[in-house]
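Report on the following structure.
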2 protein chains.
Amino acid sequence: MPHQIVYSFDCVSPWSYIGYHVLQRYSEKWPIKIDWQPSSLAYVMKFANNQPPVSVPNKGAHMIHLLQAADRMYGVKLKIPSKFPFVTFPVMGMLRVMKERYPQKLNEMINKCLHEIWHVGHHELDREALEKILQPTFTAEEISTLLNTAFSKETRRLLAQEAEALVDQGAFGFPWIVATRESDRASVAAFGVEQVERIAAFLHEPYLGPMASGVTPRL
Amino acid sequence: MPHQIVYSFDCVSPWSYIGYHVLQRYSEKWPIKIDWQPSSLAYVMKFANNQPPVSVPNKGAHMIHLLQAADRMYGVKLKIPSKFPFVTFPVMGMLRVMKERYPQKLNEMINKCLHEIWHVGHHELDREALEKILQPTFTAEEISTLLNTAFSKETRRLLAQEAEALVDQGAFGFPWIVATRESDRASVAAFGVEQVERIAAFLHEPYLGPMASGVTPRL
């Protein structure tokens, strides 16, 4: 059995987008199975009593500097949206339903939504935008059912409930990464892409940098 | 000319202790000159309008987890003090005066103070504790002058003024690390020991992990 990683993320978080790509690379280098877990950062921040980095002006400015270099540091080109943070209940609700009903399509849909937000620059995905994302893969009837469920009170309640469970397990921001080691099934929790090295140390796998290539990126 | 690193730190910060050791290791691997800059984290937090990690319970708990593994992850064994945060104006004032008057002794004194706080577990260093640290190296008269200056209003004013300058340059916590590249004298600012990899990327030097050995630590 391989190591297991549960990757809790929200599309509002640029670090979730970056970490998604970094861990994809590691999934080809390490014996790991990744469970992508669409969740609500807004609820996690609320239940953990946390504030976004932008609430401290210098912290926000530092994050912008880091994101501006994300293409060279992490090999992930992204646009910083004019409005930030933004609401992601529709898209995270859709991805949550996707995980439940069409798990084999989840990865493709996460990739499309993250790309649409952080690369195309279309950040607040509404019903119409989600329909366009789903159209190549699903029938009109399937899309209608998926989105009705995604926008239901029940889905919103589940997002809140799952966020509360994450906070009970220690989360305070995203991406929240829980790695379980193959040898003894022990687990470690990590916050953010800067802790992938710590996950490597815990799994007893080599740390190969953000490109998972063993080469230090160049800024 | 080598690359230059200005390392702003406060003894209250366990990450300053860890980063001090990590960067010492890199100073033997990379062509860098490190300028150790004793500063006041309390003033930086105040001027940056920032809150300590412990103000968000899960963030504080996560930091404790990280620190408990610091010996294996960073090769730095440390005791987590029962009282945290604690006041460091006396010790940071002393180190600031040391840098000005006996720069060739600064590194030895930083090492002793950090060791006393984070290894021996004697965290709130008062006049008596500082005297003991200084005794092997200085005469009674020199110690008296050093500590009178360290505890003066003028030193406190300078710590505040220098913290304000750091915040103007973008700092919001410690260690705050500014690296200047040899080739074009361009600079990058980094927060914390988890960004040493980013400094490596900026300096175009290989990232060799926290042990600066090229080997991933094991947790």
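The values are calculated or read from the model by the stated rules, or taken from the named source; none is laboratory data. Not measured: the values here are computed from a predicted model. All Cβ positions, glycine included, derive from the backbone under ideal geometry; neighbour counts span all protein chains shown.
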Residue count, the stretch A:57-89, condition within 14 Å of chain B (Cβ to nearest Cβ) and either in contact with a Cys (Cβ under 7 Å, 6 or more places away or on another chain) or farther than 20 Å from A:Leu208 by Cα (or both), comes to 11
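Yes or no, residue by residue, for (1) in contact with a Phe, Trp or Tyr (Cβ under 8 Å, 6 or more places away or on another chain); (2) outside any loop (DSSP other than H, G, I, E, B); (3) at the interface with another protein chain (Cβ under 10 Å from one of its Cβ atoms):
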{"residue": "B:His115", "(1), (2), (3)": "no, yes, no"}
{"residue": "B:Glu124", "(1), (2), (3)": "yes, no, no"}
{"residue": "B:Ala163", "(1), (2), (3)": "yes, yes, no"}
{"residue": "B:Ile177", "(1), (2), (3)": "yes, yes, no"}
{"residue": "B:Val215", "(1), (2), (3)": "no, no, yes"}
Test: residue in the stretch A:181-204 that is surrounded by fewer than 16 Cβ atoms within 10 Å (Cβ to Cβ) and facing chain B (nearest Cβ under 9 Å): yes
Go through (1) under 24 Å from B:Ala70 (Cα atoms); (2) under 21 Å from the mean Cα position of the chain (by Cα); (3) without any contact (Cβ under 8 Å) to a residue 60 or more places away in the chain one by one and return the number of the condition B:Thr216 breaks. (2)
Would you confirm whether any residue within the stretch A:113-124 is modelled with pLDDT of 95 or more and more than 18 Å from the chain's Cα centre (by Cα)? no
Inside the stretch A:1-79, counting only helices (runs of 4 or more DSSP H) that do not spill past its ends, which hold 3 or more residues that are surrounded by fewer than 21 Cβ atoms within 10 Å (Cβ to Cβ) and free of Cβ contacts under 8 Å to residues at least 24 places away in the same chain? A:57-68
Which of the residues belonging to the stretch A:99-109 are without any contact (Cβ under 8 Å) to a residue 60 or more places away in the chain and not polar (S, T, N, Q)? A:Glu100, A:Arg101, A:Tyr102, A:Pro103, A:Lys105, A:Glu108, A:Met109
Residue under evaluation B:Val167, criteria (1) more than 10 Å from chain A (Cβ to nearest Cβ); (2) assigned to a helix (DSSP H, G or I), criterion not met: (1)
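Tell me the residue from A:Asp184, A:Asp126 that is closer than 15 Å to A:Gly93 by Cβ and acidic (Asp, Glu), please. Reasoning before the result, please.
Working: A:Asp184 fails: closer than 15 Å to A:Gly93 by Cβ.
Checking each option against the conditions leaves just A:Asp126.
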Of the residues in the stretch B:80-95, how many are surrounded by 18 or more Cβ atoms within 10 Å (Cβ to Cβ) and outside any helix (DSSP H, G or I)? 1
